[in-house]
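Inspection log for the structure reproduced underneath, given as C-alpha cells.
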C-alpha cells in the first residue's frame with residue numbers, strides 16, 4: 001500500500017508501477033544512484049527480481065545520513081548487541097553497540113548494510129551482500145561479521 005501511496009502522492013496514479021517509478025526517480029534524481037545499479041519489481045523486497053548493488057545501498061545510506069530527519073532514520077536501525085536483529089551479533093567484540101545496520105536474508109542470500117561508528121565522530125558506511133552461496137547460515141553470518149570487524153579495524157588507521 002505504501003508503494004501505491006507514493007505513486008498517488010508523487011506520481012501519475014495510485015498503482016504499483018506508478019509507485020515504483022517514483023521510487024526509481026528518487027534513487028536516480030535525489031540520491032544520484034546510477035540506474036544500472038538497481039532493478040525494482042515490487043515494493044516488498046522479497047522478489048528475486050529486486051536487485052540493488054552494495055554501492056547503491058551505501059549511496060542511499062550516505063544520503064540518509066545527510067537528511068534533515070537522519071536521527072529518526074538512525075534510531076530505527078538495529079544496533080549491535082541491543083534488541084532487534086543485531087542482538088546477538090558483534091557481542092564480545094569492540095563493535096558491540098557501535099554498528100547500526102539492517103539485516104536481510106532470503107534463500108541463500110544474506111546481507112548487512114549500515115554504519116560502523118569508528119570514534120571521533122567518524123563512521124564507515126558499508127554494504128555486504130552474499131548471494132547464492134553454499135555455506136551454512138552460521139558460517140555466512142560469521143564471514144559477514146568478520147568483514148565488518150576488519151573494516152572497523154582498518155577504518156581506524
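Quick notes on this one:
- Residue in the range 72-88 that is in contact with a helix residue (DSSP H, G or I) (Cβ under 6 Å, 6 or more places away or on another chain) and either free of Cβ contacts under 8 Å to residues at least 24 places away in the same chain or assigned by TED's automatic domain parsing to the domain that holds residue 44 (or both) present: yes
- Residues (in a helix (DSSP H, G or I), within 26 Å of residue 110 (Cα to Cα) and touching a helix residue (DSSP H, G or I) at 6+ places or on another chain (Cβ under 6 Å)) located in the range 20-41: 28, 35, 37
- Verdict on residue 44 being at pLDDT below 95, in a loop (DSSP other than H, G, I, E, B) and either in contact with a strand residue (DSSP E or B) (Cβ under 7 Å, 6 or more places away or on another chain) or under 22 Å from residue 114 (Cβ atoms) (or both): yes
- Screening 38, 57 for residues that are in contact with a strand residue (DSSP E or B) (Cβ under 6 Å, 6 or more places away or on another chain), under 22 Å from residue 112 (Cβ atoms) and not assigned by TED's automatic domain parsing to the domain that holds residue 114 leaves exactly one candidate, 38.
- Positions within the range 107-154 being under 21 Å from residue 83 (Cα atoms) and out of contact with any strand residue (DSSP E or B) (no Cβ under 7 Å at 6 or more places or on another chain), in sequence order: 137, 138, 142, 145, 146, 149
- There is no residue in the range 50-59 that is more than 16 Å from the chain's Cα centre (by Cα) and in contact (Cβ under 8 Å) with a residue 24 or more places away in the chain.
The values are calculated or read from the model by the stated rules, or taken from the named source; none is laboratory data. Note that the structure is a prediction, hence the values are computed from the model and not measured. Please note: Cβ atoms are built from the backbone with ideal geometry, for glycine as well, and neighbour counts cover all protein chains shown.
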